[in-house]
1. Name the residues whose placed amide hydrogens come within less than 5 Å of the amide hydrogen of Ser552, ignoring near sequence neighbours (fewer than 5 apart) on the same chain.
2. Could you state the angle between the C-alpha long axis of helix 146-157 and the longest principal axis of the C-alpha atoms of the chain, as a value from 0 to 90 degrees rounded to the nearest 10?
3. Quick one: work out the % antiparallel among DSSP beta bridges in segment 328-515, nearest 5.
4. Sort 46-58, 121-133, 248-260 for me by packing, meaning the mean count of neighbouring Cβ atoms within 10 Å per residue, highest on top.
5. By how many nm would the segment from Ala414 to Val96 grow when fully extended, if each residue of separation counts as 0.36 nm and the alpha-carbon distance is taken off?
6. Would you grab the residues whose amide H sits under 5 Å from the one on Ser325? Only those 5+ places off in sequence or on another chain, please, with H modelled 1.01 Å from N.
7. For segment 469-520 and segment 232-308, write down the distance between their C-alpha centroids in whole Å.
8. Find, among the trypsin sites (Lys or Arg not before Pro) in segment 339-388, those assigned to loop by DSSP (not H, G, I, E, B) with at most 16 other beta-carbon atoms within 10 angstrom.
Amino acid sequence: MNRHVIPKSLARTNVHATFRRFMGTAGAYRLPKPYNEKNLDYAKSSPERQKLQDALVQLRSKIPIAVPTMLSGTEVQASADATRLSQNMPADKSTVLATYSPATEDEVATAIESALLAKNEWAEMSFYDRAAIFLRAADLISDKYRFEIMAATMLGQGKNAWQAEIDAAAETADFFRFNVSFAQELLEKQPAISAEGHAGRTDWRPLEGFVYAVSPFNFTAIGGNLISGPALMGNTVVWKPSPSSLYASHLLYKILLEAGLPPNVIQLVNGDAEMITRTVFDHPSFAALNFTGSSDVFRELYGKVADGIRSKKYQDFPRLVAETSGKNFHLIHNSADLSSAVKHTIRASFEYSGQKCSACSRIYVPESRAQQFFEEMKEELSHVKMGPPEDFDNFLGPVINQNAFEKITGTINAADKDPQLERIIGGFYDNSTGFYIAPTIYVAKTLEHQLFDQELFGPVLVAYVYPDAEFDGLLEKIDKQGGGFALTGAIFANDPKAIRKAEDKLRYAAGNFYTNCKTTGAVIGQQSFGGARSSGTNDKAGSSDSLRRFASPRTLKEEFNRLKSVLYPSNL
């Protein structure tokens with residue numbers, strides 16, 4: 001595509017229509033205001049459902065898809081004897097969606113050097129031109145490639161139509177559009193005042209080096225966020241997506257190239273995570289890690305970077321940005337609209353089989369409302385179907401792979417033998433065709449049970465029934481529980497005093513706190529996302545806060561008047 005074709009996003013506004021170069025620090029152009037991509041419904045007989053079904057059939061007809069090794073945006077022909085690895089479909093575990101040759105150490109090193117060679121030209125490109133690439137990509141995702149990238153996410157990552165819609169289509173486009181706006185917000189931050197005869201300005205430089213982005217399997221959009229924020233600030237990026245999101249990530253990369261992204265700016269590398277990370281961390285120009293994944297993995301990466309800093313390996317102190325794990329909670333007060341709380345809890349705990357870092361996995365229910373709460377949970381869950389995502393009737397799909405299946409079912413088996421736990425819903429599972437685990441709820445007899453601290457990343461919820469009079473004391477316990485994580489939490493109550501108590505006492509228990517709303521579903525531009533403690537660095541994806549980490553500002557000052565004397569008036 002011609003890089004100078006104006007995208008639909010720009011055509012909607014009255015901004016200057018001519019693409020021309022200007023200083024990256026000058027706010028000469030106003031880019032269009034961002035907006036949240038409208039979600040399609042996929043109701044029966046709707047045109048979007050038919051288009052998505054057609055895309056699924058078409059993708060099925062192509063599998064297994066041979067995903068090429070990409071270097072500098074160009075496909076690299078693998079040798080005939082090269083190892084081929086596969087991405088299998090979690091709903092149909094014997095079927096290979098895509099195959100790929102893992103990058104060699106030499107190829108990773110080449111990707112790094114190519115990104116560094118591209119850095120100056122990319123950083124010197126006007127911000128308007130950089131932004132236009134991502135705005136074009138947002139329109140391509142929301143229109144031309146909407147159903148294709150959704151189909152890739154459904155088959156590759158096991159999401160149903162709605163989960164793929166809000167992730168691969170809407171949120172990816174939202175990240176691109178809003179990150180453009182957030183980047184402009186930063187670039188326009190200039191000194192508020194200057195003394196007479198003086199002028200001050202801020203040069204929002206990219207980092208000196210390259211950014212390493214590591215994205216997880218569970219959201220196609222997260223990969224788009226991790227690469228777009230740093231790139232918009234003028235950085236070049238080496239991107240390693242999860243092998244369980246291999247094909248959707250590859251498609252997203254191709255969309256960016258079609259939108260006009262210079263081929264060296266973002267380098268997509270697939271393969272052995274340990275080798276790729278070692279090669280990246282051994283390079284003196286490693287400038288930042290942009291990571292979403294496990295807390296334990298991030299701790300390991302943090303330690304390795306710290307070793308490099310201690311040995312003076314890097315030319316700068318690398319920035320570490322991470323959103324990691326959670327053991328998120330719902331707290332029910334006896335004043336709550338219980339039926340609403342039930343529905344929110346089912347969505348928060350069991351959508352995408354609990355494989356969201358924000359998923360609710362522990363809940364606290366008042367004794368006076370417990371019987372009604374669990375009866376309504378059973379009734380609502382009786383209407384929830386589980387199965388392949390291509391069947392639009394299914395609310396739940398599979399967990400991502402065999403390792404996840406074994407970890408979660410192993411915990412279920414142990415819990416069923418635990419006298420301190422009572423299983424009241426679910427507990428069954430089946431991996432004969434795909435990795436299916438039914439929504440499962442345990443009630444713990446003690447508030448001290450380990451399930452309140454253990455992250456499972458699956459459809460398992462542990463509940464504690466508390467005496468109504470102990471609400472205040474329970475808040476302190478909730479704050480200390482959760483395995484040291486502090487990502488998301490929610491209270492369901494109509495009593496304003498209870499709501500304020502929870503907000504105050506649980507101030508550090510969650511980076512995203514909700515009232516009468518589930519813990520999942522933060523919307524870019526509406527709720528920035530991120531937690532602290534063991535849940536990450538809380539740099540708030542979906543805000544300018546996270547993009548700030550990928551800029552190294554330089555302060556400039558110029559004097560227009562002549563200095564007429566060395567001495568100050570007080571010296572005379």
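1. When sequence neighbours closer than 5 places are left aside, the close amide H contacts are Arg205, Leu207.
2. 60 degrees
3. Restricted to segment 328-515, the bridges split so that about 20 percent are antiparallel.
4. Answer by packing, highest mean first, reads 248-260, 121-133, 46-58.
5. Additional length available on full extension: 111.3 nm.
6. Placed amide hydrogens put Ser295 under 5 Å from Ser325.
7. Centre-to-centre distance over Cα atoms comes out at 35 Å.
8. Lys385
Where a number appears in this text, it was derived from the coordinates with a stated rule and is not lab data. Owing to the predicted nature of the structure, the values given are computational and were not obtained by experimental measurement. Positions of Cβ are backbone-derived with ideal geometry, glycine not excepted, and every protein chain shown enters the neighbour counts.
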